[in-house]
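Asker: Dropping a structure here in structure tokens format, bear with me for questions.
What follows draws every value from the coordinates through simple rules; no lab data is involved. All values derive from a computational prediction rather than experimental measurement. Quick reminder, even Gly has a Cβ in these numbers, built from the backbone with ideal geometry, and neighbours come from all protein chains shown.
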Amino acid sequence: MKISKLLAALLLPCASLSFAAPVKYIIIDHSTAPWMDQAQAETIWLKTQSAKLIKLYPANKWGFLSQVEGGIDASKTCVITARTLMLPVKGKDLLFKPAKSATTFGSQANSTIEQCKALATAKLDEAVQALGSALVPN
């Protein structure tokens, strides 16, 4: 009887961990409206989260900011800059003291608005991957 109580006591914390809410980082997108929005940026950020990242950089201490800027010039060349930052959390917001950052650049000649949006998404994804690689090396 004592063994079953001991086993139950050991398994109870494990069971509660499996039902715990997923980790929720503060993610802020500060991009130019036609190229990126908050929901799209969050989707890109969320697919890069790993257990190792969450363990090394807890969500109650760190958050992320992204910024995509650029546009199409007179010769129809799309020029995009995507920047990502890891920032400390202060209260319920982020403190602008970047711990790590990554920036990517891209251009595409003879672009439509849709092609430029696709380039913006690709460059933000690349910047998020670069930041993730810097934070959690293989």
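Asker: If packing is taken as the mean number of other Cβ atoms within 10 Å per residue, what is the order of 105-117, 54-66, highest first? Before the final figure, lay out the partial values.
Answerer: Values: 105-117: 14.3, 54-66: 16.4.
Packing order, densest peptide first, comes out as 54-66, 105-117.
Asker: Still on this model: Report, in listed order, any pair from K76/K100; K52/K97; K90/K117; K55/K90; K100/K123 with a Cα-Cα distance greater than 29 Å. Intermediate values should be presented prior to the final figure.
Answerer: On the way: K76/K100 33 Å; K52/K97 23 Å; K90/K117 32 Å; K55/K90 19 Å; K100/K123 17 Å.
Long pairs (Cα-Cα over 29 Å): K76/K100; K90/K117.
Asker: Once you compute Rg and the Kirkwood Rh from C-alpha atoms, what is the Rg to Rh ratio for region 17-138? List each step's numbers first, then the result.
Answerer: Working: Rg = 15.4 Å, Rh = 15.0 Å.
Rg/Rh for region 17-138 comes to 1.02.
Asker: So, one more: Below 8 Å, C-alpha to C-alpha, sequence gap of six or more: please give me the relative contact order for region 22-135 in percent.
Answerer: Result for region 22-135 is 27 percent.
Asker: Considering only the other residues whose Cβ falls under 15 Å of the Cβ of L94, what net charge follows from Lys and Arg at +1 and Asp and Glu at -1?
Answerer: Net charge around L94: +4.
Asker: For S101 and A51, calculate 0.36 nm times their separation in residues minus their Cα-Cα distance, and state this gained length in nm to one decimal. Kindly include the intermediate steps, with their values, before the conclusion.
Answerer: Details: separation 50, 0.36 × 50 = 18.00 nm, distance 2.02 nm.
Taking S101 through A51 to full extension adds about 16.0 nm, to one decimal.
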